[in-house]
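Let me begin by presenting the structure, written as structure tokens, before commenting on it.
The values are calculated or read from the model by the stated rules, or taken from the named source; none is laboratory data. Please read all numbers here as calculations on a predicted model, not as lab measurements. Note that we place each Cβ from the backbone using ideal geometry, even for glycine, and neighbour counts take in every protein chain shown.
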Amino acid sequence: MASEGLAVEHLRAYLRDLQPQARALLVAEIERGAVCGAQIPGAALILEELRPVLRQAGQRLARVASPARLFFRPVEPFLVDRSAIRVPAGRMARSALQPLWDWISTLLLPAAVARFSEEVARSLGRDDGALAQATRRFQDEAARAIGAALDCAAADERAARRLAARIRTDRPLQAARTLQIVLAHQDALAHVAARLPPHIPSFDEGQVDSALRLLKGAGACESEALRQALILVADRLGVFWQLIRLAIRSAESDAAAKVAQSPFAPAVDMVLAEIRARVEALRELCKRGRFGEAPAPLKDIHDAIRAVRTEMDLLGDSAWGRELAAIRAAVSDLLRTELESTVGWVRRLLRPRGPGEVLAGAIDPGDVATVEGRIGLLAACRHFASELALNQVAPRVHAELQTYLDTSISTLIEALRHAEGVDRSFRQSQVEAAVRFAAKLFGAEYAALLARAAALAGLERPPARA
């Protein structure tokens, strides 16, 4: 046992003495050997020692191309890290990659995967052309096999259930379909991606026309990969909702009925789906009490709703009009509940308490931060009240809070002036919280005045008891 420990220390000392370039080459060779199935003694220890050293030195570790990584490369622009439940059509959760590879390699195409892995091992680092050809052959074969399996599942409910159970991921059929579409149309998608600008800060008329020509030239508007092509455009936009301009421009009309007949109508569906996803993200922030982070997504939601209503004529009964109305109602219901409970939170923290009710120490700083975030959210809601159907509740709650703070702060300061001992530290924390809330409601100047008054009250000592 002692000799083994000594050997490990000798190995570590040797690795520490290596030049940076030699360290990087050693890591790359070990990873390449692992891809080829080689068993290298001490590989885990060597990688454990060298990877942190290389990262600290600022050296980027090139990721060795495994068979799975090569196979999934065309899907990378469409991967999302969100929960699979929220993955929009046309995209795929990153967490679905391993279950899909397991299904393909063990059940769908085990022999083809074994053959592909052998070709990768032979060509990796030696013949890039042969590696690319082997990858493309396997991708084409997999696309056909996945398509056949999905067609069978579409025709037979029991087959669909069996297939879903075999893939073992959330929304497995959607993930498999997305993979099949991307693999089958990867040339057209690569053509679009290569010719789009890296960033489109303003999707003006000229940019829209250019994007339409590109998509039509690639045959995207007539392809099942239209959503993926639109995703490539959307990911380069400065503002996601501008994607609807493709559908409007293609229809040569802003009337919802005519836009719905455009081949690019799915762009509108995608924008509405993204707004809904952001509403759910806002709901999750509120659920976790992270109200300080809520104004940013709230602004995105507001801007997108206003833009859709402005850029398109949704008068009359249309599916998009009903969808947008449902989104506004969902936002309004969510925020109304949170705003109306804010008054209760403030009163619970700041209410005057008798000597027997005073808690030891101070009020919970986490509660103070939560209420401060709630008041910040209220301010954002007042600003966005019209589009979010909060015209009545936001101003009313804001007025209630202003009235309550205006009348209670003087009481809190007076209580601090006459407090002592444990009572004094608790009332001090109440006044400090009130000053922070006032800064959100009345502004920094008014809060500074309150802070000075509170400081003077804190310096005063209560009169001695007879």
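Applying the set (1) of a type in the set (Lys, Arg); (2) surrounded by 21 or more Cβ atoms within 10 Å (Cβ to Cβ); (3) modelled with pLDDT under 95 to Arg245 leaves exactly one unmet item: (3).
From the list Arg353, Arg347, Arg396, Arg374, the lone residue that is part of a helix (DSSP H, G or I), farther than 21 Å from Ala447 by Cβ and either basic (Lys, Arg) or within 35 Å of the chain's Cα centre (by Cα) (or both) is Arg396.
Residue under question is Ala439, and the condition is that it be within 23 Å of Arg348 (Cβ to Cβ) and either in contact with a Phe, Trp or Tyr (Cβ under 9 Å, 6 or more places away or on another chain) or modelled with pLDDT under 85 (or both); does it hold?
Working: within 23 Å of Arg348 (Cβ to Cβ): yes; either in contact with a Phe, Trp or Tyr (Cβ under 9 Å, 6 or more places away or on another chain) or modelled with pLDDT under 85 (or both): yes.
So Ala439 fits the description; yes.
Give the residues of region 295-318 that are of a type in the set (Gly, Ala, Ser) and at pLDDT below 95, sorted by residue number. Hits for region 295-318 are Ala296, Gly316, Ser318.
Can we say Ala434 is surrounded by 15 or more Cβ atoms within 10 Å (Cβ to Cβ), out of contact with any Lys or Arg (no Cβ under 9 Å at 6 or more places or on another chain), among the hydrophobic types (A, V, I, L, M, F, W, C) and closer than 18 Å to Ala447 by Cα? Yes.
Count of region 301-331 residues, restricted to those that are buried (at least 19 other Cβ atoms within 10 Å of the Cβ) and under 30 Å from Gly366 (Cα atoms), is 3.
Between Ala130, Ala159, Ala155, which is surrounded by fewer than 16 Cβ atoms within 10 Å (Cβ to Cβ), more than 16 Å from Thr106 (Cβ to Cβ), small (Gly, Ala, Ser) and touching a Lys or Arg at 6+ places or on another chain (Cβ under 9 Å)? Steps first, please.
Working: Ala159 fails: touching a Lys or Arg at 6+ places or on another chain (Cβ under 9 Å); Ala155 fails: touching a Lys or Arg at 6+ places or on another chain (Cβ under 9 Å).
One residue alone meets the criteria, Ala130.
Here is a check on your reading of the model: is Leu272 under 18 Å from Gly373 (Cα atoms) and either crowded, with 21+ Cβ neighbours inside 10 Å or in contact (Cβ under 8 Å) with a residue 12 or more places away in the chain (or both)? Break it down into steps so the answer makes sense when it comes.
Values: under 18 Å from Gly373 (Cα atoms): no; either crowded, with 21+ Cβ neighbours inside 10 Å or in contact (Cβ under 8 Å) with a residue 12 or more places away in the chain (or both): yes.
For Leu272, the condition - under 18 Å from Gly373 (Cα atoms) and either crowded, with 21+ Cβ neighbours inside 10 Å or in contact (Cβ under 8 Å) with a residue 12 or more places away in the chain (or both) - is not met.
Name the helices (runs of 4 or more DSSP H) wholly inside region 170-219 in which the number of residues that are exposed (fewer than 14 other Cβ atoms within 10 Å of the Cβ) and touching a helix residue (DSSP H, G or I) at 6+ places or on another chain (Cβ under 9 Å) is 2 or more.
Values: elements: 172-184, 186-195, 205-217.
Fully inside region 170-219 and qualifying: 205-217.
Looking only at region 103-128, residues that are modelled with pLDDT of 90 or more and part of a helix (DSSP H, G or I) come to 17 in all.
Conditions tested, residue by residue: (1) small (Gly, Ala, Ser); (2) assigned to a helix (DSSP H, G or I); (3) on the phi < 0 side of the Ramachandran plot.
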{"site": "Thr403", "(1), (2), (3)": "no, yes, yes"}
{"site": "Glu414", "(1), (2), (3)": "no, yes, yes"}
{"site": "Ala419", "(1), (2), (3)": "yes, no, yes"}
{"site": "Phe426", "(1), (2), (3)": "no, yes, yes"}
{"site": "Glu432", "(1), (2), (3)": "no, yes, yes"}
{"site": "Leu449", "(1), (2), (3)": "no, yes, yes"}
{"site": "Arg452", "(1), (2), (3)": "no, yes, yes"}
{"site": "Ala455", "(1), (2), (3)": "yes, yes, yes"}
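Filtering region 377-393 to residues that are free of Cβ contacts under 8 Å to residues at least 60 places away in the same chain and not in a helix (DSSP H, G or I) leaves Ala385, Ser386, Leu390, Asn391, Gln392. Looking only at residues of region 63-78 that are at pLDDT 90 or above and buried (at least 17 other Cβ atoms within 10 Å of the Cβ), we find that the one that is nearest to Leu232 (Cα to Cα) is Phe78. Of all residues in region 83-100, those being modelled with pLDDT of 90 or more, among the aliphatic types (A, V, I, L, M) and within 16 Å of the chain's Cα centre (by Cα) number 2.
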